[in-house]
1. So if I check each of Asp232, Asp262, Asp206, which one is surrounded by fewer than 21 Cβ atoms within 10 Å (Cβ to Cβ) and at pLDDT 95 or above?
2. Assuming Asn210 fulfils every condition listed in (1) among the polar types (S, T, N, Q); (2) over 20 Å from the mean Cα position of the chain (by Cα); (3) not in a loop (DSSP other than H, G, I, E, B) apart from one, which condition is it?
3. Do we find a residue being out of contact with any strand residue (DSSP E or B) (no Cβ under 7 Å at 6 or more places or on another chain) and of a type in the set (S, T, N, Q) anywhere in the stretch 300-310?
4. Applying the selection to the stretch 50-78, what residues are touching a Leu at 6+ places or on another chain (Cβ under 9 Å), part of a loop (DSSP other than H, G, I, E, B) and closer than 21 Å to Gly161 by Cβ?
5. Name the pairs whose Cβ atoms lie under 8 Å apart, with the first residue in the stretch 152-173 and closer than 13 Å to Lys64 by Cα and touching a residue at least 24 places away in the same chain (Cβ under 8 Å), the second of a type in the set (Val, Ile, Thr) and assigned to a loop (DSSP other than H, G, I, E, B), and 6 or more positions between them or separate chains?
6. Leu193 fails exactly one of the following numbered conditions: (1) in contact (Cβ under 8 Å) with a residue 40 or more places away in the chain; (2) of a type outside the set (Phe, Trp, Tyr); (3) under 20 Å from Ala108 (Cα atoms); (4) surrounded by 18 or more Cβ atoms within 10 Å (Cβ to Cβ). What is the number of that condition?
7. Scan the helices (runs of 4 or more DSSP H) fully inside the stretch 227-339 and keep the ones with 3 or more residues being under 26 Å from Glu52 (Cβ atoms).
8. Pick from the stretch 137-170 the residues that are in contact with a Phe, Trp or Tyr (Cβ under 8 Å, 6 or more places away or on another chain) and among the polar types (S, T, N, Q): which of them is farthest from Pro118 (Cα to Cα)?
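The values are calculated or read from the model by the stated rules, or taken from the named source; none is laboratory data. Owing to the predicted nature of the structure, the values given are computational and were not obtained by experimental measurement. So basically every Cβ, Gly included, is an ideal-geometry build from the backbone, and we count neighbours across all protein chains shown.
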Amino acid sequence: MKKSIFLVIVSLLLASCKTTYNTQSFDATAVPAAPDYSNSKYWAVLPGQYPESLKEITTDGFDKNTDVFFVYPTLLTDKKDPLWNADVNRADLRKAVIEQSVKYQASAFAKAGNLYVPFYRQSHYKIYVPPYDKEEKDSRMIAYQDVKAAFEYYLEHYNQGRPIIIASHSQGSIMCGMLLQEFFDGTPLQKQLVAAYVPGVKFQDDKFKNLKKMDSPLATGGYVSWNTYKRDNYPSSYEKWYKGATTTNPVTWDNKIETTFDQHLGVLNADGKIYPNALRLEVVDGLIWSSVPKIPKRFFLSFVKNYHFADINLFWKNIEQNAVNRVNAWYQKNKADAR
């Protein structure tokens with residue numbers, strides 16, 4: 001039987017709790033070569049280049065009237081790895097991107113648009129852990145250099161004026177926050193933005209000058225974000241990393257504070273099945289509190305408090321439906337504006 005994606009990523013999170021890493025100074029570490037996005041090798045997903053593992057989850061093809069630009073979360077976590085940024089040519093990392101993030105996260109957006117997922121020189125997890133976090137800024141800029149280059153290549157060669165969904169998780173959402181600020185916030189391109197789904201980080205409601213948190217399920221042109229934790233628990237780092245964060249209800253997509261089991265459309269599990277009516281949630285300051293989801297092997301999840309690894313999986317079907325609904329709302333709005 002396949003391991004649950006939850007259990008796979010839980011093990012990564014637990015391993016990351018230790019603070020000793022095999023590393024060397026940032027300046028003394030070779031920076032991996034930058035990807036060339038004119039070469040399809042440096043895209044995990046392109047229309048017409050959907051990996052089989054993605055097709056296992058969604059049979060929805062491409063050639064849609066909307067695009068989705070997705071940036072994956074931190075997958076470079078090995079404590080023995082001295083790199084500060086990922087080598088996008090490494091087979092193990094490329095496989096992890098496709099088999100983990102693309103299959104179980106980016107797939108939630110496949111029905112709404114054509115998927116574009118670039119490989120990028122993401123930062124190692126250690127940049128978020130003292131004392132290694134002093135190198136966070138330099139490492140982050142290498143990662144963003146790639147995401148920016150990929151997005152610019154996408155705009156010039158693929159987009160052709162279609163509306164855009166920006167989607168991501170965790171480190172990917174940090175990258176997309178920077179992307180939104182540079183390319184969308186108060187620029188002409190903002191008119192093409194259907195929505196930005198950027199969970200797994202602390203954004204505050206005033207992060208952008210013009211992009212606003214969307215508080216209704218059919219709103220367009222703004223962003224949504226959330227961080228998930230086990231019900232009735234707070235992280236030890238709550239004050240720093242969560243309190244005051246923009247918090248969207250990823251079931252109803254409005255300002256409802258609580259939801260019931262029947263409002264939940266489905267968790268995506270590693271068996272490829274959707275488990276509906278699996279959880280209820282409560283919105284608190286900076287957090288989504290989730291009940292232990294009713295999925296196979298849920299017993300193991302009862303011992304886990306931090307559901308960060310499942311920010312997308314837990315609400316996969318709600319996200320899929322909402323993304324499609326917002327695309328339709330974007331087209332309806334733009335038809336009305338053109339009259």
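1. Exactly one residue qualifies, and that residue is Asp262.
2. Single failed check for Asn210: (3).
3. yes
4. Phe62
5. Within 8 Å, the pairs are Arg162/Thr66; Pro163/Thr66; Ile164/Thr66; Ile165/Thr66.
6. (1)
7. Because the criterion is at least 3 residues that are under 26 Å from Glu52 (Cβ atoms), the helices (runs of 4 or more DSSP H) in the stretch 227-339 that meet it are 316-338.
8. Ser139
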